[in-house]
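Just below is one structure, and these are the notes that go with it.
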Amino acid sequence: MRGHLDGLLMAVLEQGPLHGYAIITAVQQRSGGVLDLRTGTIYPALNKLERLGLLTSSWESVGERRRRCYQLTDAGRRSLAEERTAWREFTTAIGSVLTPGAEPWSAT
C-alpha cells in the first residue's frame, strides 16, 4: 500500500465526510476485507492531507463523544482524479509486463 494510502483515503471520502473509524471500515469493506488499515497509519496521513489542503476536518459530537470528520476539498477532488489516472497508467504498464502476449503499453 506504500504510496497509495493518500488515494485510498481520498477515494472513500469522495462520497462525503467520514470520521477515522468509518474511513477504516470503508476501505476494508470496499477492498473485500483485504485492506485492514490501522489508526496509527491513517491519522498521520489524514493530517498530512489536511495540511496540503486536500481535506478539511471538523469536530462532530455524537452523544457525549466528539470525533473529527474529514471531507475532500476541491483540490482534493482534483488530486484524486490525478491519483486515479496515475494508477490506471501504472496498472496498465505492470499488466503489460506480467501478462504474456499483452499489448505493449504506450504513454502516448
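What is the sum of charges, Lys and Arg at +1 and Asp and Glu at -1, for the other residues whose Cβ falls under 14 Å from the Cβ of TYR43? Overall, the nearby charge balance is +3. Counted by Cβ distance under 10 Å from LEU80, the other residues give a net charge of -1, where Lys and Arg count +1 and Asp and Glu count -1. Residue ranking by accessible heavy-atom surface, 1.4 Å probe, largest first, among LEU18, LEU9 comes out as LEU18, LEU9.
For segment 55-60, 3J(HN,Hα) computed residue by residue from phi via the Karplus equation (6.51, -1.76, 1.60; θ = phi - 60°) reads 9, 10, 9, 8, 8, 10 Hz, glycine and proline entered as x.
On a per residue basis, segment 1-86 carries 62 Å² of accessible surface, using protein heavy atoms and a 1.4 Å probe.
Which translational diffusion coefficient, to the nearest whole µm²/s, is obtained for the chain from the Stokes-Einstein equation, given a Kirkwood hydrodynamic radius over C-alpha pairs, 37 °C and 0.692 mPa s? Taking Rh from Cα pairs, D becomes 215 µm²/s. Computed from phi, the 3J(HN,Hα) profile of segment 81-90 under the Karplus parametrisation 6.51, -1.76, 1.60 (θ = phi - 60°) reads 4, 5, 4, 5, 4, 4, 5, 4, 5, 5 Hz, with x in place of Gly and Pro. Between the amide H of HIS4 and any residue lying 5 or more places away or on another chain, no distance stays under 5 Å, with hydrogens modeled in the peptide plane.
The loop-placed GluC sites (Glu not before Pro) in segment 30-80, going by DSSP, that have at most 13 neighbouring Cβ atoms within 10 Å of their Cβ come out as GLU64. Around the amide H of THR73, modelled in the peptide plane, lie the amide H atoms of LEU55, THR56, all under 5 Å away and 5 or more residues distant in sequence or on another chain. Summing +1 for each Lys or Arg and -1 for each Asp or Glu among the other residues whose beta-carbon sits under 13 angstrom from that of SER57 gives +3.
The values are calculated or read from the model by the stated rules, or taken from the named source; none is laboratory data. All figures in this text were calculated on a predicted structure; none of them were measured in a lab. Every residue, glycine as well, gets a Cβ built from its backbone with ideal geometry; the counts of neighbours run over all protein chains shown. Accessible surface is based on the protein model in full, side chains and every heavy atom, while ligands, DNA and RNA are left aside. Shrake-Rupley method; radii C 1.70, N 1.55, O 1.52, S 1.80 Å.
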